[in-house]
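First comes the structure, then the notes that go with it.
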2 protein chains.
Amino acid sequence: MDGSGKQRPTMADVAERAGVSRALVSIVFRDQPGASPQTRDRVLRVADEIGYRPDSAARLLARGRSRTLGVMFTVHQPFHADLVEGIYPEAERLGYDVLLSATAQGRGEAKAIEALLGHRCEAVILLGPGAQPKDIDALGHRTVTVSVGRRVPHARVDSVHTAEGKGVRQAMEHLVELGHRRIVHIDGGRGPGSAERRRAYRAAMRRHGLEPELRVIPGDHTEQSGMETGRLLLDERDHGRPLPTAVLAGNDRCAMGLLMTLTQAGVGVPRDLSVVGYDDSHLSHLMPIGLTTVRQDAVLMAEYAVRFAVERLEGTAPEPREAVLDPKLTVRGTSGPPPEGVGGGNR
Amino acid sequence: MDGSGKQRPTMADVAERAGVSRALVSIVFRDQPGASPQTRDRVLRVADEIGYRPDSAARLLARGRSRTLGVMFTVHQPFHADLVEGIYPEAERLGYDVLLSATAQGRGEAKAIEALLGHRCEAVILLGPGAQPKDIDALGHRTVTVSVGRRVPHARVDSVHTAEGKGVRQAMEHLVELGHRRIVHIDGGRGPGSAERRRAYRAAMRRHGLEPELRVIPGDHTEQSGMETGRLLLDERDHGRPLPTAVLAGNDRCAMGLLMTLTQAGVGVPRDLSVVGYDDSHLSHLMPIGLTTVRQDAVLMAEYAVRFAVERLEGTAPEPREAVLDPKLTVRGTSGPPPEGVGGGNR
DNA sequence: GCGCGCTACTAGCGCGCTCTAGGCGAGTAC
DNA sequence: GTACTCGCCTAGAGCGCGCTAGTAGCGCGC
């Protein structure tokens with residue numbers, strides 16, 4: 001009296017029970033004109049009684065379109081979580097369904113995308129894709145594709161990202177104005193936006209005549225990376241090399257890792273050292289004194305991504321576009337003037 | 001020359017181009033006997049050439065079963081990320097597809113579940129469901145359901161969770177053995193497992209004759225909650241009430257928030273205060289000295305969840321079951337003896 | 001010659017739905 | 001009266017696939 005024996009009710013069941021044709025039930029469920037209010041009511045009531053729910057597979061098959069957007073993301077990226085949260089409501093508003101596919105250990109981007117395509121997503125939104133530009137371009141030729149957080153210069157894809165240079169510049173101005181000179185940058189490796197951030201960091205250092213202090217420490221967009229850098233810096237300090245007075249991290253996760261290591265080692269933030277992150281993911285609010293970070297508006301980015309996809313699909317905008325959002329430095333508690341006397345590099 | 005005009009190739013296209021029948025293509029793609037190696041090769045080659053990929057909607061419709069497991073999770077829960085990572089490989093191993101549906105701001109559990117059912121998931125795996133037991137029971141009557149991280153006593157659902165009591169007991173033994181007496185617990189509110197953890201904390205305090213020190217601070221499973229508790233404790237200290245010497249947090253996120261607040265305020269961990277978390281999510285490894293926490297094996301839990309669902313679906317285990325995994329205290333750096341002289345409550 | 005079993009393949013129905021092309025009756029215009 | 005519209009409803013094709021039943025061809029034994 002349960003489980004596998006229980007057949008899922010179909011439209012035909014509803015139709016029969018309500019004494020109408022299948023087509024009429026279809027009309028009612030698609031909220032289309034062509035059914036009297038009474039019939040509509042009766043159909044809905046009967047459907048509810050027998051627990052009918054439209055089968056999206058069949059529906060999808062029947063009408064040519066799936067009205068589904070596929071989203072590839074990484075489970076462990078808080079900023080992706082923020083983006084996903086923004087994607088749902090915008091997609092719903094435009095009448096699209098959302099399918100998530102995560103990359104994870106042992107499940108690469110290719111696999112995640114494959115799954116989305118198999119489910120007939122009309123468009124694919126890639127959050128911080130790490131794939132080669134040529135692969136992304138290939139995907140873009142096969143289906144409407146949006147890359148979020150990463151520019152893919154000559155590929156046939158829409159892209160939504162922030163003006164990395166601008167964000168880094170703001171952060172650097174902020175630090176320099178506070179009096180910092182010994183500012184290091186933790187690199188984001190192949191992570192989205194890293195190259196631009198690195199470039200902008202270098203340029204800013206040069207512009208302020210700080211070229212001798214310029215230092216890029218290799219890393220990536222994980223807490224792990226921030227912690228390793230922290231340990232590295234502490235280790236160097238113990239061997240006589242002074243700590244930098246400020247660190248521009250590759251992203252918030254990296255900044256978090258760094259902070260944990262440093263504060264646990266008794267380094268005062270921002271007393272002894274300032275830290276600036278990048279993303280303004282949920283993480284940054286969570287710190288007691290707040291992480292100074294470059295805000296990327298996740299909700300806005302999500303909205304652009306969804307709209308780009310939908311407009312391409314519906315032919316409103318046949319050509320791929322690029323949205324470059326203005327980042328905004330959000331000064332919170334992890335940045336302040338460099339320690340007295342140190343000045344930040346005047347040896 | 002792009003986009004909507006480009007029709008997705010179907011089996012018929014492959015068949016025609018390879019000079020065989022549709023059925024044969026179907027056979028090849030389902031990896032079934034009944035096609036010669038040469039034909040098989042040719043079909044696959046042709047399919048690859050024209051970029052054919054089986055349409056899962058149609059496939060799902062045609063064979064009665066979808067072989068799809070739906071997973072409801074919360075984007076911002078790191079432990080859910082760990083679970084999702086474990087679910088994918090196990091599902092794949094058993095030949096099932098995975099569909100994710102996130103709860104988020106403005107997208108409650110009901111909506112997330114609705115989406116899964118609409119996509120014909122045969123079973124639903126709920127990660128840390130917050131819904132009312134009766135609603136979960138109702139769902140369990142409609143479809144195979146597995147609750148992960150939360151017991152749902154009289155409901156028709158499988159469940160996978162850890163022996164909360166045991167975990168808390170271990171943590172408490174550990175703290176008491178170190179010499180702690182003033183141990184407070186931050187509650188997890190309606191979060192999964194909270195009630196059991198709270199109960200176990202109370203019992204442990206009583207068993208060790210620490211009833212006078214017993215204190216449960218309301219909270220939930222977020223960093224926010226940990227931070228608020230931290231501020232509360234610091235505030236109390238400033239008004240003369242001594243800090244507890246140890247805190248048993250509701251989960252790792254909460255412990256993280258607490259840690260951030262305390263260490264930033266100059267409280268040494270574990271010098272002045274010990275902190276124990278719960279989950280052993282990725283977070284706990286990320287701290288420089290490591291979070292002492294009660295390990296819930298995410299991978300194992302994920303495997304149980306998937307297997308329970310599949311075995312119910314395939315009739316191997318018609319009745320819902322419960323897996324209670326043994327948690328294991330993982331001692332890392334945030335726990336140590338209480339500060340000298342304080343002893344931990346001997347006023 | 002015949003039947004037999006086996007491999008390699010095909011015809012065609014049906015999954016649950018959407019959607020086009022209508023049907024039917026009542027009202028309105030001439 | 002005929003002609004037409006309009007609201008409500010139905011018949012039935014077909015979406016891309018899986019699958020059952022069946023066919024063609026071939027070697028084999030007698």
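The values are calculated or read from the model by the stated rules, or taken from the named source; none is laboratory data. Predicted, not measured: the structure shown is a model, and the values here were computed from it. Counting neighbours? That spans all protein chains shown, and the Cβs are built from the backbone with ideal geometry, glycine included. Accessible surface areas use protein heavy atoms only, side chains included; no ligands, DNA or RNA. Shrake-Rupley method; radii C 1.70, N 1.55, O 1.52, S 1.80 Å.
A compact table of results
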| item | result |
| --- | --- |
| Among (1) under 13 Å from the mean Cα position of the chain (by Cα); (2) not in a helix (DSSP H, G or I), the one test that A:Met301 misses | (2) |
| Residue within the range B:280-288 that is more than 13 Å from chain A (Cβ to nearest Cβ) and under 26 Å from the mean Cα position of the chain (by Cα) present | yes |
| All positions within the range B:1-15 that are more than 10 Å from DNA strand C (Cβ to nearest atom), modelled with pLDDT of 90 or more and either open to solvent by 50 Å² or more (accessible area, probe 1.4 Å) or within 14 Å of another protein chain (Cβ to nearest Cβ) (or both) | B:Pro9, B:Thr10, B:Asp13 |
| Residue in the range B:103-120 that is farther than 30 Å from B:Gln296 by Cβ, crowded, with 18+ Cβ neighbours inside 10 Å and within 16 Å of DNA strand C (Cβ to nearest atom) present | yes |
| Single residue of the range B:1-35 satisfying the filter (within 7 Å of DNA strand D (Cβ to nearest atom) and not in a loop (DSSP other than H, G, I, E, B)) that is farthest from A:Glu311 (Cα to Cα) | B:Ala23 |
| Checking B:Leu61 against (1) open to solvent by less than 20 Å² (accessible area, probe 1.4 Å); (2) at the interface with chain A (Cβ under 7 Å from one of its Cβ atoms), the condition it does not meet | (1) |
| Restricting the range A:36-58 to residues that are surrounded by 20 or more Cβ atoms within 10 Å (Cβ to Cβ) and in a loop (DSSP other than H, G, I, E, B), the residue that is farthest from DNA strand D (Cβ to nearest atom) | A:Tyr52 |
| B:Asp82 being within 14 Å of DNA strand D (Cβ to nearest atom) and in the same structural domain as B:Ala305 (by TED's automatic domain parsing) | no |
| B:Gly70 vs. criteria within 30 Å of B:Ser281 (Cβ to Cβ) and either within 8 Å of DNA strand D (Cβ to nearest atom) or of a type outside the set (Phe, Trp, Tyr) (or both) | yes |
| Cβ pairs under 6 Å, 6+ apart, first in the range B:218-233 and more than 9 Å from every other protein chain (Cβ to nearest Cβ) and more than 13 Å from B:His185 (Cβ to Cβ), second of a type in the set (Ser, Thr, Tyr) and open to solvent by 20 Å² or more (accessible area, probe 1.4 Å) | none |
| Criterion: under 24 Å from B:Arg190 (Cβ atoms), open to solvent by 20 Å² or more (accessible area, probe 1.4 Å) and hydrophobic (A, V, I, L, M, F, W, C) - qualifying residue of B:Val294, B:Val275, B:Val324 | B:Val324 |
| Residues within the range B:88-100 that are crowded, with 24+ Cβ neighbours inside 10 Å and more than 9 Å from chain A (Cβ to nearest Cβ), tallied | 1 |
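For (1) in the same structural domain as A:Met260 (by TED's automatic domain parsing); (2) at pLDDT 95 or above; (3) touching a Phe, Trp or Tyr at 6+ places or on another chain (Cβ under 9 Å), each residue gets a yes or a no:
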| residue | (1), (2), (3) |
| --- | --- |
| A:Ser147 | no, yes, no |
| A:Val157 | no, yes, no |
| A:Ile183 | yes, yes, yes |
| A:Gly193 | yes, no, yes |
| A:Ala200 | yes, yes, no |
| A:Arg215 | yes, yes, no |
